[in-house]
Number of protein chains: 2
Amino acid sequence: MKNNKFQAIYQELAKKLEEKELRVGEKLPSEHELMVQYHTSRETIRKALNLLAQNGYIQKVRGKGSIVLDRARFDFPISGLVSFKELAKKMGKSWVTKVHELNVVKPSDVLRESLGAEELWKVVRSRQVDGERIILDTDYFQTRHVPLLTEEIAEQSIYEHLENELGLSISFADKEVTVEEANPLDRELLDLNGLSHVVVVKSLVHLDDASPFQFTESRHRLDKFRFVDFARRMK
Amino acid sequence: MKNNKFQAIYQELAKKLEEKELRVGEKLPSEHELMVQYHTSRETIRKALNLLAQNGYIQKVRGKGSIVLDRARFDFPISGLVSFKELAKKMGKSWVTKVHELNVVKPSDVLRESLGAEELWKVVRSRQVDGERIILDTDYFQTRHVPLLTEEIAEQSIYEHLENELGLSISFADKEVTVEEANPLDRELLDLNGLSHVVVVKSLVHLDDASPFQFTESRHRLDKFRFVDFARRMK
DNA sequence: TAGTGGTCTAGACCACAGA
DNA sequence: CTGTGGTCTAGACCACTAT
């Protein structure tokens, strides 16, 4: 990966934990031991362990050690920071993305204020998983950062295109999950099976320099929605 | 608070940011400057700033500085690590908690496996906000850690009781958000207004030593559910 | 080039768990 | 008491932004 020692150690340990080289409830080697193993300083080991803790692999307990947690590692944030393609792949699902709209539009007042731009790419896509259209995504991107979008790109992964081709670095997102009544577009482009409501995930995505870059509204069929979170109390 | 320098600095800076002493988009003083201001080392300042970043107050940009983010600071996780009482108070809502069941039960197989106990407190409570019963909470607690629960405690805040009276320290939770069809108990104890589904938040809450302690199923009326999240890409 | 944040070190002292 | 993780320091070097 990168040149960072602590990231490398994190990834090595995370891999070991995913491959269950250590059982749930057992303890990681102590920080001192890891320090020796990896020929590095204690603070560097601690950075790696803190990453593990933040990501739910371990729980550090003073005086005892680092306990391996039972984390079903299928968890991932719905939309926003992980692309739909990655998600579907991880879940081992067959999926089809269909592009319904792709053009440059003038933003509404709310969007103009959120994204601070006079021109935005608008992309409307439905997501079909196992033969059913269950997600309807509407994305708005800054034209400033994205000169060109094509149907081919939108059908594959816009995120991959942004990060790999354009070198944009996504950093963080504010997300809001609510439930709304299905609108006519939902009824047209999703297989709702008579369900009256949809789960709506709105995300405002930012780049590394903290500038707002993308707004997404993701509308999910109720019965296919699942959101898993790992909440750690602030210390 | 505690004796920790970096926590104190974090709290002081967070307070300043909440009181808008710095505007969105402006920059915090540099790490070197803060180091001098607070008579401390750079790593300590960096710990405080990392806390600010983790909690969405700032975004650190290499070569530039720490940029103040526009974070509506009303965000909080729904259920699990924040008590209903805290939540309602923050939102400035009138609320009533009604206890429908409170006793010791033998756990189901799933619960026994999750919590590893042969005896659990079961508490069923409805939450009324602004005159409407919109949330139905079912909690299971380890009797091992909680010798006594009374209706009075359950009507107020069980969390306050656990942390203040019993000295238990809650640490982290796994949460799952789904939508389910309303069941007869939902219809009886909630004002559903004909809505056919409820949002279900399941949480498995752990103590500081990583032992599972509490399982909660929180059922929310669709139209009153809102979940706000701040997602940071792993680095 | 000067100023910023990012990583890393080697050491110190403290708080807590367990034998 | 020993071993664990938690905090803090003073310094070094690197990578990036801006001028």
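So, in region B:1-31, of the ones that are assigned to a helix (DSSP H, G or I) and either under 22 Å from A:LEU207 (Cα atoms) or within 14 Å of DNA strand C (Cβ to nearest atom) (or both), which residue ends up nearest to the chain's Cα centre (by Cα)? Give the steps one after another, and end with the answer.
Here is the first cut: in region B:1-31, the residues assigned to a helix (DSSP H, G or I) are B:5-18, B:31.
Narrowing further to those that are either under 22 Å from A:LEU207 (Cα atoms) or within 14 Å of DNA strand C (Cβ to nearest atom) (or both): B:5-7, B:9, B:13, B:17, B:31.
Values: B:LYS5: 25, B:PHE6: 22, B:GLN7: 19, B:ILE9: 23, B:LEU13: 22, B:LEU17: 21, B:GLU31: 31 Å.
It comes out as B:GLN7.
Answer with yes or no whether A:GLU176 is closer than 22 Å to B:PHE230 by Cβ, assigned to a strand (DSSP E or B), of a type in the set (Asp, Glu) and facing another protein chain (nearest Cβ under 9 Å). Even if it seems obvious, please write down each step before you answer.
On the way: closer than 22 Å to B:PHE230 by Cβ: yes; assigned to a strand (DSSP E or B): yes; of a type in the set (Asp, Glu): yes; facing another protein chain (nearest Cβ under 9 Å): yes.
The answer is yes for A:GLU176.
Does any residue of region A:158-165 turn out to be more than 9 Å from chain B (Cβ to nearest Cβ), in contact (Cβ under 8 Å) with a residue 60 or more places away in the chain, more than 30 Å from B:ARG219 (Cα to Cα) and surrounded by fewer than 19 Cβ atoms within 10 Å (Cβ to Cβ)? Even if it seems obvious, please write down each step before you answer.
The first filter runs over region A:158-165 and keeps only residues more than 9 Å from chain B (Cβ to nearest Cβ), leaving A:158-165.
Filter again for in contact (Cβ under 8 Å) with a residue 60 or more places away in the chain, leaving A:158-160.
Next cut, more than 30 Å from B:ARG219 (Cα to Cα) only: A:158-160.
Cutting the leftovers down to surrounded by fewer than 19 Cβ atoms within 10 Å (Cβ to Cβ) gives us A:159-160.
Scanning region A:158-165, I find at least one residue that is more than 9 Å from chain B (Cβ to nearest Cβ), in contact (Cβ under 8 Å) with a residue 60 or more places away in the chain, more than 30 Å from B:ARG219 (Cα to Cα) and surrounded by fewer than 19 Cβ atoms within 10 Å (Cβ to Cβ), so the answer is yes.
For B:LEU34, state whether it is away from DNA strand D (no atom under 13 Å from the Cβ), more than 21 Å from A:ARG232 (Cα to Cα) and touching a residue at least 12 places away in the same chain (Cβ under 8 Å). Write out each step before concluding.
On the way: away from DNA strand D (no atom under 13 Å from the Cβ): no; more than 21 Å from A:ARG232 (Cα to Cα): yes; touching a residue at least 12 places away in the same chain (Cβ under 8 Å): yes.
For B:LEU34, the condition - away from DNA strand D (no atom under 13 Å from the Cβ), more than 21 Å from A:ARG232 (Cα to Cα) and touching a residue at least 12 places away in the same chain (Cβ under 8 Å) - is not met.
Tell me whether region B:60-68 contains one or more residues that are over 27 Å from the mean Cα position of the chain (by Cα) and of a type in the set (A, V, I, L, M).
yes
Which one of A:ASP191, A:ASP208 is within 16 Å of DNA strand D (Cβ to nearest atom), out of contact with any Phe, Trp or Tyr (no Cβ under 6 Å at 6 or more places or on another chain) and over 17 Å from A:TYR140 (Cα atoms)? Even if it seems obvious, please write down each step before you answer.
Working: A:ASP191 fails: within 16 Å of DNA strand D (Cβ to nearest atom).
Answer to the selection: A:ASP208.
State which residue is farthest from the other protein chains (Cβ to nearest Cβ) when the search covers only region A:46-64 and only residues that are at negative phi and part of a loop (DSSP other than H, G, I, E, B).
In the first step, residues of region A:46-64 are kept if they are at negative phi; the result is A:46-55, A:57-62, A:64.
If we keep only those that are part of a loop (DSSP other than H, G, I, E, B) too, we end up with A:55, A:57, A:62, A:64.
Numbers: A:ASN55: 7, A:TYR57: 12, A:ARG62: 9, A:LYS64: 7 Å.
The qualifying residue farthest from the other protein chains (Cβ to nearest Cβ) is A:TYR57.
Does region B:112-133 hold any residues that are at negative phi and open to solvent by 20 Å² or more (accessible area, probe 1.4 Å), and which are they?
B:ARG112, B:GLU113, B:SER114, B:GLU118, B:GLU119, B:TRP121, B:LYS122, B:GLN128, B:VAL129, B:GLU132, B:ARG133
For region A:184-200, enumerate the residues that are at the interface with another protein chain (Cβ under 9 Å from one of its Cβ atoms) and in a strand (DSSP E or B).
First, pick out the residues of region A:184-200 that are at the interface with another protein chain (Cβ under 9 Å from one of its Cβ atoms): A:195-197, A:199.
Correct list: A:HIS197, A:VAL199.
Within region B:97-144, take every residue that is at pLDDT below 90 and of a type in the set (Val, Ile, Thr) and give me the one that is nearest to B:ARG219 (Cα to Cα).
Among those that are at pLDDT below 90 and of a type in the set (Val, Ile, Thr), it is B:VAL129.
Look through region A:201-224, keep the residues that are surrounded by fewer than 20 Cβ atoms within 10 Å (Cβ to Cβ) and closer than 16 Å to B:LEU222 by Cα, and return whichever of them is farthest from the other protein chains (Cβ to nearest Cβ).
Of everything passing the filter in region A:201-224, A:LYS224 is farthest from the other protein chains (Cβ to nearest Cβ).
Filter region A:96-109 for residues that are part of a strand (DSSP E or B) and either under 12 Å from A:VAL123 (Cα atoms) or open to solvent by less than 70 Å² (accessible area, probe 1.4 Å) (or both) and give the result. Please lay out each step first, then the result.
We begin by selecting, within region A:96-109, every residue part of a strand (DSSP E or B); these are A:96-105.
Passing the criteria: A:THR97, A:LYS98, A:VAL99, A:HIS100, A:GLU101, A:LEU102, A:ASN103, A:VAL104, A:VAL105.
Sort out which residues of region A:112-161 are touching a strand residue (DSSP E or B) at 6+ places or on another chain (Cβ under 7 Å), under 15 Å from A:LEU204 (Cα atoms) and not hydrophobic (A, V, I, L, M, F, W, C), and write them in order of number.
Correct list: A:SER114, A:GLY116, A:LYS122, A:ASP137, A:THR138, A:ASP139, A:TYR140, A:GLN142.
Could you count how many residues in region A:20-50 are within 11 Å of A:ILE9 (Cβ to Cβ) and open to solvent by less than 50 Å² (accessible area, probe 1.4 Å)?
7
Would you mind stating whether B:ARG144 is of a type in the set (Lys, Arg), open to solvent by 60 Å² or more (accessible area, probe 1.4 Å) and in contact (Cβ under 8 Å) with a residue 12 or more places away in the chain? Even if it seems obvious, please write down each step before you answer.
On the way: of a type in the set (Lys, Arg): yes; open to solvent by 60 Å² or more (accessible area, probe 1.4 Å): yes; in contact (Cβ under 8 Å) with a residue 12 or more places away in the chain: yes.
For B:ARG144, the condition - of a type in the set (Lys, Arg), open to solvent by 60 Å² or more (accessible area, probe 1.4 Å) and in contact (Cβ under 8 Å) with a residue 12 or more places away in the chain - is met.
The values are calculated or read from the model by the stated rules, or taken from the named source; none is laboratory data. This is a predicted model, so every value here is computed, not measured. Positions of Cβ are generated from backbone atoms using ideal geometry, with glycine treated the same way; all protein chains shown enter the neighbour counts. Please note that ligands, DNA and RNA were not included when accessible areas were found on the heavy atoms of the full protein model with its side chains. Shrake-Rupley method; radii C 1.70, N 1.55, O 1.52, S 1.80 Å.
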